[in-house]
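Trainee: Before we start, here is the structure in question, set down as structure tokens.
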Ligand code: MCA
Ligand code: AMP
């Protein structure tokens, strides 16, 4: 293949020949005080691709910087799988992510501080520096569409996070479906400040603009003031971000010149939807997805946007609702069932976890989301909640109760623990740990989890209790905690 085909599958706007022909954009990506043109990205990523070509898998400490952008695009050029690592990962998480993925090097920089304890896997990997200003214009053959672009680590109900395998083909299909649903074009400027280690910020929020050809302004943190200043046409946020925006009326009103405000990763509370509409004159688009499936449901730029509902399947997606006894659930807007999906943007399984992969698919080829939903006569979907109380969504992050419980049980002051997500106006759910123990200090327990795991997995509250409610079998009854 020639360099003309380079990046066509995934990164349409970065085709080097098109860029060389003058189809450049001086501020294609603004991030961390840098403005990167398309040619900066192609040249910088080309130089990196030449250095990493032949590697199988590398880890990128996914800080919102120009170096992260170049590292990720360079690996996509070279066909090297990227494991984006949350910058605040704790030592145990880092060790798991690096050994499970088999990452061969850090690209850019390694984490610092306690997470990099001597002798740890994180400390033993070589570091390949990313030079944002280096340039190389040689092409690389287009990697096969079925090759794995990313391994994204995501929490399950128990145990360590699982590596979600996302192929180039799936990502391209997922982004094209969204471009269609949201009428997203090269005329748009996307603004967001979401982390670059999940589907929302990384796949939709960085690769989306590079595929569609729109500008991207990454605000570092998703604060209302930064969103207001950025002057975009298209904004992404998790519900916590939108809830903070509506609490800052001046910033909210500054978004009224935008075309589309998109919310996802967790349910958008109806009052936030309504306040956002009142303050900006724009009814938000709500969409639903998972790390495993990318975005499968959304309201549309040209369609109805109904508070509390996440809309219709995007292009190529089919859904069905299944009752606990396997019966098909009617589409009457009220009856609820387990949501199953299929479509071209789904993942290829969990790395090294054939058991978990098999469990998440039905025999007839549908992915079991674990979410409970209703569908109305027009095909509109409403997400009612999760089937398991052990997956918590806090600030749009998915957190497994089991992982937090394991960390707390490792503290000498903790005898028994149950972790739940309780309703929270700001975060959707806040992580609360019910702890039985002698002399346990709540602040110390919170700091303990924050030091072992990513900071967003820390309990926001620890409640010391005499005992945990258990059923006759001895199983903790989490629904009674709250
Ligand atoms: C506080 N901090 C601490 C501690 N307490 N640090 C160490 N130890 C402690 N005990 C510090 C933190 O490091 C941080 O510092 C600061 O306090 C605030 O942290 P926190 O309170 O956790 O942040 P927040 O303000 O509550 O964050 C809200 C947020 C965030 C910005 C909305 O939750 C967020 O970015 N969410 C996005 C999640 C997301 O992208 N999910 C997509 C998943 P400092 O300020 O210096 O950092 S993908 C997905 O769900 C699917 C595909 C989909 O549908 O999209
Ligand atoms: P993650 O693995 O972080 O991608 O989280 C996926 C989960 O987030 C889904 O299974 C849902 O429970 C939840 N989710 C994502 N988008 C929405 C939404 N718009 N409404 C309700 N829940 C959502």
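Bear in mind that the values in this text are calculations on the coordinates, not laboratory data. What you see is a predicted model, and the numbers here were worked out from it, not measured in a lab. Cβ atoms come from the backbone with ideal geometry, glycine included; neighbour counts cover every protein chain shown.
Trainee: Relative to the present Cα-Cα distance, how much length would full extension add between residue 53 and residue 348 at 0.36 nm per residue of separation? Show your work: numbers first, answer last.
Mentor: Working: separation 295, 0.36 × 295 = 106.20 nm, distance 2.30 nm.
Extra length available between residue 53 and residue 348 comes to 103.9 nm.
Trainee: Return the FRET efficiency for the residue pair residue 250, residue 112: r is the Cβ-Cβ distance, R0 is 30 Å, and the value is rounded to the nearest 0.05.
Mentor: Step by step, r from the Cβ atoms, then E = 0.20.
Trainee: Treat each spin label as a single point 7 Å out from the Cα along the C-beta direction, and report the residue 120 to residue 158 distance in nm.
Mentor: Reported label-point gap for residue 120 and residue 158 is 2.7 nm.
Trainee: Order the peptides 47-59, 288-300, 441-453 from the highest to the lowest mean number of other Cβ atoms within 10 Å of their residues.
Mentor: 288-300, 47-59, 441-453
Trainee: Could you work out the Kirkwood radius for the stretch 120-268, taking every pair of different alpha carbons, averaging 1/r and inverting it, reported in Å?
Mentor: 17.4 Å
Trainee: Also: Would you mind putting 258-266, 126-134 in packing order, based on average other-beta-carbon counts within 10 Å, highest first? Before the final figure, lay out each step's value.
Mentor: Numbers: 258-266: 23.0, 126-134: 15.3.
The packing order, highest mean first, is 258-266, 126-134.
Trainee: Then there's this: Starting from the exponent 0.38 and prefactor 2.2 Å, build the expected Rg for the stretch 10-109 from its residue count and divide its actual Cα Rg by it.
Mentor: Working it through for the stretch 10-109, the quotient is 1.14.
Trainee: Find how much the distance from residue 416 to residue 20 grows on full extension, using 0.36 nm per residue of separation minus their present alpha carbon separation; answer in nm with one decimal.
Mentor: Separation in residues times 0.36 nm, less the Cα-Cα distance, equals 136.3 nm.
Trainee: Gain in length, residue 464 to residue 376, computed as 0.36 nm per residue apart minus the alpha-carbon separation, to one decimal in nm?
Mentor: Stretched fully, the residue 464-residue 376 segment lengthens by 27.3 nm.
Trainee: Grab every C-alpha pair in the chain, bin the distances at 10 angstrom width from 0 up to the longest one, and report whole percents.
Mentor: Computed distribution, short to long bins: 4, 20, 30, 28, 15, 3, 0, 0.
Trainee: I'd like the FRET efficiency for residue 301 and residue 441, computed as 1/(1 + (r/R0)^6) with the beta carbon distance as r and R0 of 56 Å, rounded to 0.05.
Mentor: For R0 = 56 Å, the calculated efficiency reads 0.65.
Trainee: What distance in nm lies between label points placed 7 Å from Cα along the C-beta direction at residue 355 and residue 472?
Mentor: Going by the 7 Å Cα→Cβ label model, 2.9 nm.
Trainee: How far apart, in nm, are the 7 Å Cα→Cβ label points at residue 144 and residue 223?
Mentor: Result for the modelled spin labels: 4.8 nm.
Trainee: Calculated from DSSP H runs of 4 or more alone, at -39500 (n - 2.57) each and per residue, what is the 222 nm mean residue ellipticity of the chain, nearest 500?
Mentor: Theoretical 222 nm ellipticity from helices: -7500 deg cm²/dmol.
Trainee: Say R0 is 41 Å: what FRET efficiency, to the nearest 0.05, do residue 456 and residue 315 get from their beta-carbon distance?
Mentor: 0.80
Trainee: For the stretch 340-422, taking Cα atoms only, what is the radius of gyration to one decimal and the Dmax to the nearest whole Å?
Mentor: 16.5, 55
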